[in-house]
Amino acid sequence: PVAQILSAQSAVTGTDIAGAAMLIKGSRGTGAGAPGSVGIQTGIAGSTGATQSVLNTALLIDAVQHVTLGNTGSNPPVAGTGAASIGVNASDQRFRVTSGAAVTSIAFTFGKAWLVTPVCTLSEESATPVTLGWSALSTSGGTITSVSALTSVVIDVLCQ
C-alpha cells in the first residue's frame with residue numbers, strides 16, 4: 001500500500017499567495033430526508049494473517065453537528081459490580097451509568113482499552129447531591145465511588 005494525503009490545491013508559484021479552503025461534505029437529502037454524516041475511520045490491528053484489518057469510526061459528525069470521537073457504540077462500556085445499567089448509544093468517551101440499589105461503588109469496563117489512561121469527569125443530578133470520585137481508573141475500565149449509598153443514581157461519565 002501507498003500512503004495517501006487528501007489536500008486542497010496549494011499555491012505553487014508567486015509571492016504572498018493565500019491558501020485555499022477545503023470542505024468535506026456529507027451527502028444532502030431531499031425534503032425531510034436526513035442528510036448524511038461525515039466520518040473518519042482507522043484500522044484496528046487483528047491477529048496474524050493476511051486478512052485486512054477491521055475499520056472503526058474514529059470521528060463522526062452527524063447531520064445536526066453532534067461530534068462523536070472514537071468508539072461509536074460498536075463496543076460500548078460494560079456494566080460491572082454495582083451498576084444497574086449503562087445507557088444506550090454509549091461510547092468509551094461518553095456514557096451514562098445508573099447505580100444499583102444501596103451501592104457505594106460502581107465498576108465498568110471500557111468497550112475497547114485506551115492506549116493511555118483517560119481523564120474522566122463525573123456528574124450527576126439527583127435531588128440530594130452526592131460526592132463522587134474514583135477508586136480506580138485505568139486503560140481498561142474504572143470504579144466510581146461515593147461516600148453515601150447510591151440507589152438508582154444516574155451518573156454521566158465523560159472521558160478523553
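Only the coordinates and a few stated rules stand behind these numbers; no lab work does. As the structure is a prediction and not an experimental result, all values here were calculated from the model. Positions of Cβ are backbone-derived with ideal geometry, glycine not excepted, and every protein chain shown enters the neighbour counts.
Some observations on this one:
- For the chain, relative contact order (Cα pairs under 8 Å, six or more residues apart, normalised by length) works out to 16 percent.
- If R0 is taken as 35 Å, the Cβ-Cβ distance between Arg28 and Val119 corresponds to a FRET efficiency of 0.40.
- Computed on the Cα trace of the range 74-146, the radius of gyration divided by the Kirkwood hydrodynamic radius gives Rg/Rh = 0.94.
- Other-chain or far-sequence residues with amide H under 5 Å of Gly36's (modelled H): Ser27, Arg28, Gly29
- P(r), alpha carbons of the range 11-84 - 10 Å bins starting at zero, rounded %: 14, 25, 25, 23, 10, 2, 1
- Distance in nm between pseudo-label sites at Leu137 and Thr48 (7 Å out along the Cβ direction from Cα): 3.8 nm
- Rounded to the nearest 20, the Cβ-based charge dipole of the chain about its Cα centre (Lys and Arg +1, Asp and Glu -1) stands at 260 debye.
- Calculated on C-alpha atoms, the gyration radius of the range 19-160 divided by its Kirkwood radius gives an Rg/Rh of 1.07.
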